[in-house]
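Some notes on the structure that comes next.
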Amino acid sequence: MQLKIDLHNHSCLSPCGSDLLLPPVLAYEAYEKGVDIIALTDHNCGRNLSAFSEACEIVGITGVYGIEVNTEEEVHLLALFETPEEGEDFSSWIESLLPKWHNIPQKLGHQLVCDVRGNITEEIDLFLYGAAAISFDNLVEIILKRGGLAIPAHIDRLSNSVLANLGFLPPLAYSAVEVVNLPPTTESNSYPVIRSSDTHFLEDVASRTTLIEATSNDFSGLKEALQKGHITL
Amino acid sequence: MVTIEQVQQKLNLKVLTMGEGSTPISSAYTSDLLSDVMANGEEGGALITIQGHKNSVAVASLIGLNTIILCNGRLPADDMVEAAEEESIAILVSQENQFTVSYKLAALLGLCN
C-alpha cells in the first residue's frame, strides 16, 4: 500500500512552536490533509507524546513517537519510536542531559504540555532548546539499539544540520536522512531520503510529505519501507 | 558608553549592514552555539560568532542583541544580511578570530581592569 508520511512535527511544547499547535490539533490536521503516518518530534522533550498518542487513536491515524534531539554539536537528529512509552523513556533521558537553563516564555516562547482535550496541564521551566550532552555519533547508535529510527534532520539547511555543523555525513546506519529542498542539494550518500513538514505553525501541517510503499500501515511497515528504499519524494 | 559605529571603526570591521549605528553596545557574548546564545545573551549586546546565516539574526532579534560580529572573515549568505536589515541589526565582519575580537571589544567596553 502507498502511504503518506510526515515524520517531523512540533507542538506547543517546543518553545518555537505555535501555542495553538496542540497535539490533538496536529493529529486531526494531518488526518484531514491525507497523511497516513504522523510523528510528533518536539525539541528534546516527549511530554506531549501521551496526549498525541490518544489523539492519533481517536482520529484514526498512525502515530510515531519521538523527539528532535539537539546534540552536543548542535546537530538536529530525529529519534522516532513505535510507542509513546518508548518515546517518553528516551526523551526523559535526553532531558536529563540538557543544560539547566530556565525558559523565558516572553522572549523564547511557551513550552506547554497538554492533555488529549487540549487542556494545558503544565508549562515546562527547563529551556528545551539547549544542546544535550551527547554526541551525534553516539546518539545514532543508541537510538538504533533501542529499536528506533535515527534520521538526521534537514541536512541541507545552513544551521543545526549535520552537514553544516560537522561538515560531512559520518558513515552511520541512519534509517534515512531528511532534506528540505527538492531536488536534494546535498549528497545523501545513498541513504534513503525523506522530506517532512517540520511543522511549527498550524498552516505547516503536511506542507512537505513523503510517499512510501509499505506492507502495513504501522511502525514496522514504515521501518521496512525505509530500509528497502521504497520511497517517492 | 560605546556605540556600534565606534566599535566598527576602532576594531576596523567591514560593514555589511549598520543597523542603528548610534546605538550603544552594552555587553557582548561570544559563542557559536545558538541555543547557548538564546539562553545567555543579553539585550543590547553584541554577538561574536562565526555563525553567518539568518538563524543568528533570528536569535539576535529574539533576545534583543543589536550587533553580530562575524569572525575569521566569514561572509554570510545574502539572506542573512537582508534579515538583519529588516531587524535593524548590525552585521560587521572581522578578519580576526573570536578570542581576539572578544578581548578587543572587552577593552572598548571598559571591562579590562
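When residues of the stretch B:53-65 are filtered for being more than 11 Å from the chain's Cα centre (by Cα) and at the interface with another protein chain (Cβ under 9 Å from one of its Cβ atoms), how many remain?
Residues in the stretch B:53-65 being more than 11 Å from the chain's Cα centre (by Cα) and at the interface with another protein chain (Cβ under 9 Å from one of its Cβ atoms): 6 in total.
Is there a residue in the stretch B:74-86 that is among the acidic types (D, E), touching a residue at least 40 places away in the same chain (Cβ under 8 Å) and either part of a helix (DSSP H, G or I) or away from every other protein chain (no Cβ under 14 Å) (or both)?
yes
For the stretch B:10-20, indicate whether the set of residues that are touching a strand residue (DSSP E or B) at 6+ places or on another chain (Cβ under 6 Å) and either charged (D, E, K, R) or within 14 Å of chain A (Cβ to nearest Cβ) (or both) is non-empty. Scanning the stretch B:10-20, I find at least one residue that is touching a strand residue (DSSP E or B) at 6+ places or on another chain (Cβ under 6 Å) and either charged (D, E, K, R) or within 14 Å of chain A (Cβ to nearest Cβ) (or both), so the answer is yes. Any chance the stretch A:189-210 includes a residue that's out of contact with any strand residue (DSSP E or B) (no Cβ under 7 Å at 6 or more places or on another chain), at pLDDT below 95 and not aromatic (F, W, Y)? Yes, the stretch A:189-210 has at least one match.
If you scan the stretch B:66-96, which residues turn out to be more than 13 Å from the chain's Cα centre (by Cα) and within 15 Å of B:G21 (Cα to Cα)? Passing the criteria: B:E85, B:E86, B:E87.
For the stretch B:15-38, a residue qualifies if it is part of a helix (DSSP H, G or I) and crowded, with 20+ Cβ neighbours inside 10 Å, and the qualifying residues are B:L34, B:S35, B:V37, B:M38. Among the residues of the stretch A:138-177, those identified as touching a Pro at 6+ places or on another chain (Cβ under 7 Å) and not in a loop (DSSP other than H, G, I, E, B) are A:V162, A:V177. Taking the criterion of being more than 8 Å from chain A (Cβ to nearest Cβ) and either surrounded by fewer than 19 Cβ atoms within 10 Å (Cβ to Cβ) or hydrophobic (A, V, I, L, M, F, W, C) (or both), the residues of the stretch B:39-52 that qualify are B:E42, B:E43, B:G44, B:A46, B:L47, B:I48, B:I50.
Within the stretch A:106-133, being away from chain B (no Cβ under 11 Å) and in contact with a strand residue (DSSP E or B) (Cβ under 7 Å, 6 or more places away or on another chain) holds for A:H110, A:Q111, A:L112, A:V113, A:C114, A:D115, A:I120, A:T121, A:E122, A:E123, A:I124, A:D125. The sole residue among B:L111, B:L65, B:L105 that is touching a helix residue (DSSP H, G or I) at 6+ places or on another chain (Cβ under 9 Å) and in a helix (DSSP H, G or I) is B:L105.
Across the stretch A:102-130, the qualifying residues are those that are at pLDDT below 95 and hydrophobic (A, V, I, L, M, F, W, C), and the one among them that is nearest to B:V59 (Cα to Cα) is A:L108.
Can you name the residue in the stretch A:205-215 that is in contact (Cβ under 8 Å) with a residue 60 or more places away in the chain and surrounded by fewer than 19 Cβ atoms within 10 Å (Cβ to Cβ) and is also farthest from A:L21 (Cα to Cα) among such residues?
Residue satisfying both the conditions and the ranking: A:T215.
Among the residues of the stretch A:63-94, those identified as of a type in the set (V, I, T), away from every other protein chain (no Cβ under 14 Å) and surrounded by 20 or more Cβ atoms within 10 Å (Cβ to Cβ) are A:V64, A:I67. Checked against (1) within 16 Å of B:L13 (Cα to Cα); (2) touching a residue at least 60 places away in the same chain (Cβ under 8 Å), B:I50 passes all but condition (2).
Residues that are of a type in the set (S, T, Y) and under 18 Å from A:V25 (Cβ atoms) within the stretch A:172-210 comprise A:S196, A:S197, A:T199, A:S207, A:T209, listed in sequence order. The number of residues in the stretch A:46-60 that are assigned to a loop (DSSP other than H, G, I, E, B) and surrounded by fewer than 19 Cβ atoms within 10 Å (Cβ to Cβ) comes to 1. If the condition is being more than 14 Å from A:E74 (Cα to Cα) and either part of a helix (DSSP H, G or I) or among the basic types (K, R) (or both), then the stretch A:91-137 contributes A:S91, A:S92, A:W93, A:E95, A:S96, A:K100, A:P105, A:Q106, A:K107, A:L108, A:R117.
For B:P76, the conditions (1) crowded, with 21+ Cβ neighbours inside 10 Å; (2) touching a helix residue (DSSP H, G or I) at 6+ places or on another chain (Cβ under 7 Å) all hold with the exception of (2).
A count restricted to the stretch A:1-30 and to residues that are over 30 Å from B:I63 (Cβ atoms) and part of a helix (DSSP H, G or I) stands at 5. I'd like to check something: does the stretch B:25-34 contain any residue that is facing chain A (nearest Cβ under 9 Å) and out of contact with any strand residue (DSSP E or B) (no Cβ under 6 Å at 6 or more places or on another chain)? Checked against the condition, which is being facing chain A (nearest Cβ under 9 Å) and out of contact with any strand residue (DSSP E or B) (no Cβ under 6 Å at 6 or more places or on another chain), the stretch B:25-34 yields at least one hit.
The values are calculated or read from the model by the stated rules, or taken from the named source; none is laboratory data. As the structure is a computational prediction, the values presented were derived from the model and not from experiment. Glycine also receives a Cβ, built like all others from the backbone with ideal geometry; neighbour counts cover every protein chain displayed.
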